[in-house]
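> Attaching a single structure in structure tokens format; questions to follow.
The values are calculated or read from the model by the stated rules, or taken from the named source; none is laboratory data. In this text, all values refer to a predicted model and were calculated from it rather than measured experimentally. No Cβ is skipped: glycine too gets one built from the backbone with ideal geometry, and neighbour counts run over all protein chains shown.
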């Protein structure tokens, strides 16, 4: 009798296991569509006869496709290729008119009038000026991640809305009629067009968004497209598929028919997929560089992400300029990038990275104009160190060097510890690696001695690095305060003459770096493998990163 | 039978004081349990070999880092990524050539202080790092395993032995402990205690003992009803005597097998913690971190993975055969 | 028996409630905010977002709200994957994890069982050493190394199976095999050790003396007793394997639950942490319950709920 009961129990377990498999088979059947798609097409990659398909990888899933909430590079790239705002970055990273056909600026530079071109959403409805007005105001109602971009762009009343003094309805954007959009800004801004390529400024079809409600942006089916590609499918954590948008206003420019993106989080896996021809473009880590550096498909591409050390300015020793300079100068940055990291990263002796910003008229690299800071031999560093110690009457000290768990950051920390301890007498460095969130909390509370940090640009202008360091700025996080620096930045913020403004930015960086308030380490780079038949993938220095509009397969 | 039987009076009897210890004493050759176990253990060739390897590795963990003149954190970028080179052992692949077959030593004209098993990208000598890493890993694994053992056996033993309400409550506590994601506990633990060896060990032990306690509980439950326990109870054995003299020796087998699993788990768990920035603080090395790094570079710098993997496998295999031997040696039923 | 089951069910609910409560409050102690890309958030923006998601309210109120929603079957929305419900996230990801985990357990138990039985019956022979060796290798080589080697040789070099990704059934084979190594090792070791133990006991000798064939002795007496500790280990092991393993999922690019869980803890995705914890604990507690009942089947000496039962 009891045995019978047990038997029943056993059957329940087996039944449960069956449920799991059952649930899974339904899951599989839904993925089958994509298999068929890809198997149909992988065979045709490279063949000119039928569709042009490329297979890419992504190191993570798309968090959300709601442009108000999107906050990471993956989502920005997808949004940028599926949708289109007033401006789009061209292949030289300059903003060019996109959804807008025409852009008129009032004489005082405060009122911008855009004429929306004849374009349509993927549900057939026309893109109107109201789509922009709705989308922009919605960002504030939704408390979007990046609503600070409206402040950066100087859109009228954005700051007051964020501060809670006004409502989203007061935002300086009005749809005058179906096709005419009027935007008012607080100050004339040289950056506006460039900023408008950022995905938070994308339009939304109000009727559609309200219809799908809460599910907006969570599935491929719940978004509409007005850009070069349609998002054909999106399997959570597996990948997504773009297809050419036949109704895109500039569809003739788009050559690719399909882009398959697979989520692959391990570099070794990506390399194996590359070897088996399953993907056409991957990013590899430094350990694979030696193996592939002579491959014709290999390329190193520098990114505008800077890695640097913050000094805690409340720390008695780091308040001393010579000690900061000595520490920075002691580190063999070239050895760090060429031997330890070995992934194309370049040594950094400044705040603003190279190949990021060019002067308004002569088009000279910012880096070239300002030169490098605090380069010198170990002997010079030791001299500075001794000067510094005697100035504050110290014979050395023990400190902690905090780093997050990022592989490259930890390697840098190990290298720096050894460099400092073996060259500077009396210094003891204790490495403290913590998860990223913990590092950030410690940074915000300025509870560290030195910390390895990184910063990627929000927009393509040196200001994105420079205004980090204003007194009590949200990205300062080291209690650095300098009145002169603050006033240069304030001046640059309201300066409308591009030349003069650029000079102010150069001065600001000089002010900061002459006293070595941070110790720059390196500028990141990616080691990429791309099949040579793929041409024309544009990579912008700031988000949105990738542009497939002009990509092609030979 | 019916002769003059002397009258039996009470004073004929002398009260023999009850000796608790001798309650179950078996008359016979006084061979102690441990002595016999030792004899049986040494008869087992595999176990002896395992023991020897463990001893050798432990000695190397102490002596190894001193065998050449490198310190585990001696960086030298000119010696970055040197392949292994041992003169006279070129046939073993320790020939200073990288996977393209170029001799890096000749190419960079390095003549002295060849790295026996290569160097890493910092130019640190891997031989030194391997053995100092072994030292740390063994320390962490053994300490964690020992604490798991003590807590797990006590908890599982008590829970099963007393049974009933006590068992119920203790098992529900275990379920709660298992339910709370231990990564959260570990992160909190390590953030409060500062990252380091102590906090890693403690973090591992918080939930690590649960498995052991479950095994012990299952075994004790099974043994509890058996005749020899009843007999012992009838002979007046106290609870602690029952646990230590009968139950524990009888559950030794599964305990040792579980313990053998705890050691690799602890070593790899430490590697996992390092991976998310909560483990051993660099530049210290552990077997786990060496394997983790070696794995990242196994395609081109395979030596970075092979040597730590050999050591870890040797440790595992030795602990296993030794564990097997111990199991047999300690099993009371194997007594002749 | 019925009463026992009901009582255990009651305990299960209470245990789950305690787990959720403790996790809820511990989680708040983790450094950082649940929002993604926190590096770029200003203090004001953090305030606004906290207010929107109700994180500015006192913890007790947040807790009551969570429990209230939980009772209605609502696990909330993810903070990191904005707009997605935790239930749909678990639902999407448990399938692949359960498939490769389930297959791994089946392969592992079958192979481990055979290896364990052989090595116990042929104790101290070449077969014994052979299977012990296999088991030890399975245990001592880290699963990621094993997985990487398989991926390189079987996938890239020989092209027998897909390298990675998750598209049809064939994509699940390699991850399952890689994962089963550990199960094989565990099962083989326990079966061997237990069988050796049981083989030495009197009732086996008695059974043999009674003239029962060796096969029947093994099946009816030895295996039945040897299975107890195996079941103890296997229950929880099955839960942890089927709910996802970080490393294997990452290497084979399987969209599973294991990675999601670790990630959610590292980025403080509160609702996802709680949701997966709840799911995992419920499954675990249930399996423990089943294991306890299985004890009764396998070993008649253990009785349920204190009721007396005769020895078999």
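> Tell me, which helices (runs of 4 or more DSSP H) lie completely within the range C:1-79 with 2 or more residues that are under 25 Å from the mean Cα position of the chain (by Cα)? Steps first, answer last, please.
Values: elements: C:2-29, C:43-52, C:59-71.
The qualifying helices (runs of 4 or more DSSP H) are C:2-29.
> While we're here: Is it the case, given these coordinates, that residue C:173 is within 30 Å of residue C:95 (Cβ to Cβ), at pLDDT 80 or above and surrounded by fewer than 19 Cβ atoms within 10 Å (Cβ to Cβ)?
Details: within 30 Å of residue C:95 (Cβ to Cβ): yes; at pLDDT 80 or above: yes; surrounded by fewer than 19 Cβ atoms within 10 Å (Cβ to Cβ): yes.
Judged against the criteria, residue C:173 is a match.
> Follow-up question, since we're still on this one. Out of everything in the range A:419-435 that is buried (at least 20 other Cβ atoms within 10 Å of the Cβ) and not in a strand (DSSP E or B), what residue ends up being nearest to the other protein chains (Cβ to nearest Cβ)?
Taking the candidates together, the pick is A:435.
> Right, something else. Being over 30 Å from residue B:223 (Cβ atoms) and either assigned to a helix (DSSP H, G or I) or in contact with a helix residue (DSSP H, G or I) (Cβ under 9 Å, 6 or more places away or on another chain) (or both) is the requirement here; does residue C:261 meet it? Explain how you work it out, then say what you get.
On the way: over 30 Å from residue B:223 (Cβ atoms): yes; either assigned to a helix (DSSP H, G or I) or in contact with a helix residue (DSSP H, G or I) (Cβ under 9 Å, 6 or more places away or on another chain) (or both): yes.
Here the answer is yes, as residue C:261 does meet what is asked.
> With respect to residue A:268, is the statement that it is without any contact (Cβ under 8 Å) to a residue 60 or more places away in the chain and under 26 Å from the mean Cα position of the chain (by Cα) true? Steps first, please.
Details: without any contact (Cβ under 8 Å) to a residue 60 or more places away in the chain: yes; under 26 Å from the mean Cα position of the chain (by Cα): yes.
Spelling it out, residue A:268 is indeed without any contact (Cβ under 8 Å) to a residue 60 or more places away in the chain and under 26 Å from the mean Cα position of the chain (by Cα).
Table: residues versus (1) modelled with pLDDT of 80 or more; (2) within 14 Å of chain B (Cβ to nearest Cβ).
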{"residue": "C:179", "(1), (2)": "yes, no"}
{"residue": "C:188", "(1), (2)": "yes, yes"}
{"residue": "C:210", "(1), (2)": "yes, no"}
{"residue": "C:240", "(1), (2)": "no, yes"}
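> For the range A:200-223, state whether one or more residues are assigned to a loop (DSSP other than H, G, I, E, B), away from chain C (no Cβ under 14 Å) and surrounded by fewer than 22 Cβ atoms within 10 Å (Cβ to Cβ).
No: zero hits.
> Something else about it: Out of the residues in the range A:268-314 that are surrounded by 18 or more Cβ atoms within 10 Å (Cβ to Cβ) and in a loop (DSSP other than H, G, I, E, B), state the one that is farthest from the other protein chains (Cβ to nearest Cβ).
A:312
> Can you find, within the range A:332-349, the residue that is nearest to the other protein chains (Cβ to nearest Cβ) among those that are in a loop (DSSP other than H, G, I, E, B) and surrounded by 23 or more Cβ atoms within 10 Å (Cβ to Cβ)? Write out each step before concluding.
If we filter the range A:332-349 for residues that are in a loop (DSSP other than H, G, I, E, B), which is where we start, we get A:332, A:342-345, A:348-349.
Within this subset, residues satisfying the condition of being surrounded by 23 or more Cβ atoms within 10 Å (Cβ to Cβ) are A:345, A:348.
Values: A:345: 13, A:348: 18 Å.
Among them, the one singled out is A:345.
> While we're looking at this one, here's another question. The conditions are (1) crowded, with 20+ Cβ neighbours inside 10 Å; (2) at pLDDT 90 or above; (3) facing chain B (nearest Cβ under 10 Å), and residue A:384 fails exactly one of them. Which is it?
If we test residue A:384 against (1) crowded, with 20+ Cβ neighbours inside 10 Å; (2) at pLDDT 90 or above; (3) facing chain B (nearest Cβ under 10 Å), just (3) comes out false.
> If you don't mind, there's one more thing I want to ask. If you check residue A:173 against the conditions, is it modelled with pLDDT of 90 or more, within 14 Å of chain C (Cβ to nearest Cβ) and touching a helix residue (DSSP H, G or I) at 6+ places or on another chain (Cβ under 6 Å)? Talk me through it step by step, then tell me what you get.
Values: modelled with pLDDT of 90 or more: yes; within 14 Å of chain C (Cβ to nearest Cβ): no; touching a helix residue (DSSP H, G or I) at 6+ places or on another chain (Cβ under 6 Å): yes.
Answer is no for this residue.
> Does the range C:34-45 contain at least one residue that is buried (at least 20 other Cβ atoms within 10 Å of the Cβ), touching a residue at least 40 places away in the same chain (Cβ under 8 Å) and facing chain A (nearest Cβ under 9 Å)?
yes
> Now for a different question. Tell me which residues, restricted to the range A:388-398, are in contact (Cβ under 8 Å) with a residue 24 or more places away in the chain and either in contact with a helix residue (DSSP H, G or I) (Cβ under 6 Å, 6 or more places away or on another chain) or surrounded by fewer than 20 Cβ atoms within 10 Å (Cβ to Cβ) (or both).
Matches in the range A:388-398: A:388, A:391, A:392, A:394, A:395, A:396, A:397, A:398.
> Here's another thing I want to ask about it. Any idea how many residues of the range A:479-491 are surrounded by 21 or more Cβ atoms within 10 Å (Cβ to Cβ) and part of a helix (DSSP H, G or I)? Before the answer, list the steps.
Step one: of the range A:479-491, the residues surrounded by 21 or more Cβ atoms within 10 Å (Cβ to Cβ) are A:480, A:485, A:488-489.
Retained after the next criterion (residues that are part of a helix (DSSP H, G or I)): A:485, A:488-489.
Selection size over the range A:479-491: 3.
> Out of all the residues in the range A:151-192, which are touching a strand residue (DSSP E or B) at 6+ places or on another chain (Cβ under 9 Å) and more than 16 Å from residue A:112 (Cβ to Cβ)?
Taking the range A:151-192 and keeping what is touching a strand residue (DSSP E or B) at 6+ places or on another chain (Cβ under 9 Å), we get A:153-157, A:171-176, A:178-186, A:188, A:192.
Selection gives A:178 alone.
> Just to verify a result, which residue in the range C:47-61, among those that are in contact (Cβ under 8 Å) with a residue 12 or more places away in the chain and buried (at least 17 other Cβ atoms within 10 Å of the Cβ), is nearest to residue A:69 (Cα to Cα)?
By that ranking, first place goes to C:49.
A quick yes/no check of all residues on (1) more than 9 Å from every other protein chain (Cβ to nearest Cβ); (2) under 30 Å from residue A:258 (Cβ atoms); (3) surrounded by 20 or more Cβ atoms within 10 Å (Cβ to Cβ); (4) at pLDDT below 85:
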site	(1), (2), (3), (4)
A:17	no, no, no, yes
A:88	yes, yes, yes, no
A:96	yes, yes, no, no
A:103	yes, no, no, no
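> Mind listing whichever residues of the range C:65-89 are surrounded by fewer than 18 Cβ atoms within 10 Å (Cβ to Cβ) and within 30 Å of residue A:445 (Cβ to Cβ)? Don't jump to the end; show me each part of the working.
The initial filter retains those residues of the range C:65-89 that are surrounded by fewer than 18 Cβ atoms within 10 Å (Cβ to Cβ), namely C:65, C:67-74, C:87-88.
Matches in the range C:65-89: C:65 only.
> Suppose the filter is modelled with pLDDT of 80 or more, surrounded by fewer than 20 Cβ atoms within 10 Å (Cβ to Cβ) and more than 10 Å from chain B (Cβ to nearest Cβ); does residue C:290 pass it? Steps first, answer last, please.
On the way: modelled with pLDDT of 80 or more: yes; surrounded by fewer than 20 Cβ atoms within 10 Å (Cβ to Cβ): yes; more than 10 Å from chain B (Cβ to nearest Cβ): yes.
Criteria met by residue C:290.
> Can you find even one residue in the range C:141-158 that is surrounded by fewer than 21 Cβ atoms within 10 Å (Cβ to Cβ), at pLDDT 85 or above, out of contact with any helix residue (DSSP H, G or I) (no Cβ under 9 Å at 6 or more places or on another chain) and more than 14 Å from chain B (Cβ to nearest Cβ)?
Yes, there is a match, as at least one residue in the range C:141-158 is surrounded by fewer than 21 Cβ atoms within 10 Å (Cβ to Cβ), at pLDDT 85 or above, out of contact with any helix residue (DSSP H, G or I) (no Cβ under 9 Å at 6 or more places or on another chain) and more than 14 Å from chain B (Cβ to nearest Cβ).
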